[in-house]
Amino acid sequence: TKVDRVMRPLRALGVKLALDDFGTGHSNLSMLTQLPFDVFKIDRQFVSALDADRQAPAIVEMILAMAETLGLKTVAEGVETERQAEFLSRRGCSMAQGFLYSPGLPQEGFLELLRGWETRANATRKAG
């Protein structure tokens, strides 16, 4: 396919490709066999429903199990609570993003956030 002709050379250069909003919209199961993805991004609607919807945990667990079977990383979008983060971490979610960690930031704010993490990491290394 045309998309495949573009994506394969990018992957050869080390670019990682994510299937965004997995489980909603156009990200259907047939895409898994047609395109070379490295990461599933779990849509925020499933993450935000973890506490309120009985079916959301099962759906998230299914996505995480599928990703593990396919050897893909996972990113949970829209993580807002420690409870959501713990649920995802216990079930093997690779990464998470959301307001629990930081709101969206302009470039300088992001660089400041990184400097803060680096400072804390260095302090932890020196203490250990």
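Read the figures in this text as sums done on the coordinates, not as results from a lab. Quantities reported herein were computed from a predicted structural model and do not represent experimental measurements. Note that we place each Cβ from the backbone using ideal geometry, even for glycine, and neighbour counts take in every protein chain shown.
Before moving on, here are some points about what is shown:
- Each residue of the range 64-81 was assigned a 3J(HN,Hα) from its phi angle through the Karplus expression (A = 6.51, B = -1.76, C = 1.60, θ = phi - 60°), giving 5, 5, 4, 4, 4, 4, 8, x, 9, 7, 10, 10, 8, 8, x, 6, 10, 10 Hz with x at Gly and Pro.
- 3J(HN,Hα) from dihedral phi, the range 53-61, Karplus parametrisation 6.51/-1.76/1.60, rounded to Hz, x for glycine, proline: 10, 4, 8, 4, x, 5, 5, 5, 4
- Rounded to the nearest 0.05, the FRET efficiency derived from the C-beta distance between Thr69 and Thr124 at R0 = 30 Å is 0.30.
- For Ser94, the amide hydrogen comes within under 5 Å of the amide hydrogens of Thr74, counting only partners 5 or more places away or on other chains and with H modelled in the peptide plane.
- Note on the chain: dipole from Cβ charges, positive end direction compared against Leu88, Leu100, Met66; the farthest Cα belongs to Met66.
- In order along the range 94-108, the Karplus-derived 3J(HN,Hα) couplings, from 6.51 cos²θ - 1.76 cosθ + 1.60 at θ = phi - 60°, round to 5, 8, 9, 9, x, 5, 4, 9, 4, x, x, 10, x, 3, 5 Hz, and Gly and Pro are given as x.
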